[in-house]
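Q: What follows is a structure written as structure tokens; I'll ask about it next.
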Amino acid sequence: DAGVIQSPRHEVTEMGQEVTLRCKPISGHDYLFWYRQTMMRGLELLIYFNNNVPIDDSGMPEDRFSAKMPNASFSTLKIQPSEPRDSAVYFCASRRSNTIYFGEGSWLTVV
Amino acid sequence: QKEVEQDPGPLSVPEGAIVSLNCTYSNSAFQYFMWYRQYSRKGPELLMYTYSSGNKEDGRFTAQVDKSSKYISLFIRDSQPSDSATYLCAMSAGGAQKLVFGQGTRLTINP
């Protein structure tokens, strides 16, 4: 099993640019999560999907953030326009039963 | 006040020592309690999962939940340098959908 696959692993972008993070969950998992991790705030849930349907996006910080899951094997998290305070590690995770499996993260730096 | 409080450390102990990691929480609805281990520049991985109160043992690891005190612990026996990582507690009221994470405790085991 390949695990949760995220891309890009590292991204450095200029303020105002659009950022798209991608995720391929583990096959057969019915939940997909997007988390953000920073030193100050720790690990925070941004949004999660069940069977490709967004269930709770209350953690999305503002309208600049959007997430989609067009099919069971792909999801995107988009930030437009990006700001320096969006710099963080963004994790995608998928769930089987009560076990959540995390990807290795996308390290985003906005300068 | 945060829903889940965890001392960020850092914690440094000699190899072979018993390590105790703890979290307190304020939400009495929490029923699912987990411990994740996160190596540097990697995603969190599930270490222990406990439902409701009680103890659970897995090899050198023991998880304890005291719901009356709103306090959970993770004990590591015979600690090894490979146990050096950040340990995050996580909990939720209803399964693994909306986990609330602690800040994480950075642990170093010195050979």
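The values are calculated or read from the model by the stated rules, or taken from the named source; none is laboratory data. Remember, predicted model here, so these are calculated numbers, not experimental data. Virtual Cβ from ideal backbone geometry, glycine too; neighbours counted across all protein chains shown. Accessible surface is based on the protein model in full, side chains and every heavy atom, while ligands, DNA and RNA are left aside. Shrake-Rupley method; radii C 1.70, N 1.55, O 1.52, S 1.80 Å.
Q: Could you pull out the residue among B:28, B:12 that is out of contact with any strand residue (DSSP E or B) (no Cβ under 6 Å at 6 or more places or on another chain), open to solvent by 60 Å² or more (accessible area, probe 1.4 Å), touching a residue at least 40 places away in the same chain (Cβ under 8 Å) and more than 11 Å from every other protein chain (Cβ to nearest Cβ)?
A: Details: B:12 fails: out of contact with any strand residue (DSSP E or B) (no Cβ under 6 Å at 6 or more places or on another chain).
Unique residue meeting the criteria: B:28.
Q: Hey, another quick one. Confirm whether residue A:47 is modelled with pLDDT of 95 or more and in contact with a strand residue (DSSP E or B) (Cβ under 6 Å, 6 or more places away or on another chain). Please lay out each step first, then the result.
A: Values: modelled with pLDDT of 95 or more: yes; in contact with a strand residue (DSSP E or B) (Cβ under 6 Å, 6 or more places away or on another chain): yes.
It is true that residue A:47 is modelled with pLDDT of 95 or more and in contact with a strand residue (DSSP E or B) (Cβ under 6 Å, 6 or more places away or on another chain).
Condition check ((1) within 14 Å of chain B (Cβ to nearest Cβ); (2) open to solvent by 10 Å² or more (accessible area, probe 1.4 Å); (3) under 24 Å from residue B:3 (Cα atoms)) across all residues:
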position: A:36; (1), (2), (3): yes, yes, yes
position: A:42; (1), (2), (3): yes, no, yes
position: A:51; (1), (2), (3): yes, yes, no
position: A:56; (1), (2), (3): yes, yes, yes
position: A:70; (1), (2), (3): no, yes, no
position: A:102; (1), (2), (3): yes, yes, yes
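Q: Testing residue B:3 on (1) within 12 Å of chain A (Cβ to nearest Cβ); (2) at pLDDT below 95; (3) open to solvent by less than 70 Å² (accessible area, probe 1.4 Å), one condition comes back false. Which one is that?
A: Unmet condition: (3).
Q: Further, regarding this structure: Output the residue which, of all residues in segment A:72-100 that are part of a strand (DSSP E or B) and open to solvent by 20 Å² or more (accessible area, probe 1.4 Å), is farthest from the other protein chains (Cβ to nearest Cβ). Can you show your working first?
A: Pass one, segment A:72-100, residues part of a strand (DSSP E or B): A:74-79, A:88-96, A:99-100.
From the residues that got through so far, the ones that are open to solvent by 20 Å² or more (accessible area, probe 1.4 Å) too are A:74, A:76, A:78, A:95-96, A:99.
On the way: A:74: 18, A:76: 18, A:78: 21, A:95: 6, A:96: 10, A:99: 5 Å.
Taking the candidates together, the pick is A:78.
Q: Of the residues B:83, B:58, B:66, only one is under 14 Å from the mean Cα position of the chain (by Cα) and more than 22 Å from residue B:8 (Cα to Cα); which?
A: Values: B:83 fails: more than 22 Å from residue B:8 (Cα to Cα); B:66 fails: more than 22 Å from residue B:8 (Cα to Cα).
Result of the check over B:83, B:58, B:66: B:58.
Q: Okay, next question. Does any residue of segment B:48-66 turn out to be of a type in the set (D, E, K, R) and within 14 Å of chain A (Cβ to nearest Cβ)? Let's see the steps before the verdict.
A: Taking segment B:48-66 as the starting set, the residues that turn out to be of a type in the set (D, E, K, R) are B:56-58, B:60, B:66.
Filter again for within 14 Å of chain A (Cβ to nearest Cβ), leaving B:56, B:58.
Yes, segment B:48-66 contains a residue that is of a type in the set (D, E, K, R) and within 14 Å of chain A (Cβ to nearest Cβ).
Q: For segment B:37-62, what are the residues that are open to solvent by less than 70 Å² (accessible area, probe 1.4 Å), more than 30 Å from residue A:107 (Cβ to Cβ) and in a strand (DSSP E or B)?
A: B:50, B:54, B:62 - these are the residues of segment B:37-62 that are open to solvent by less than 70 Å² (accessible area, probe 1.4 Å), more than 30 Å from residue A:107 (Cβ to Cβ) and in a strand (DSSP E or B).
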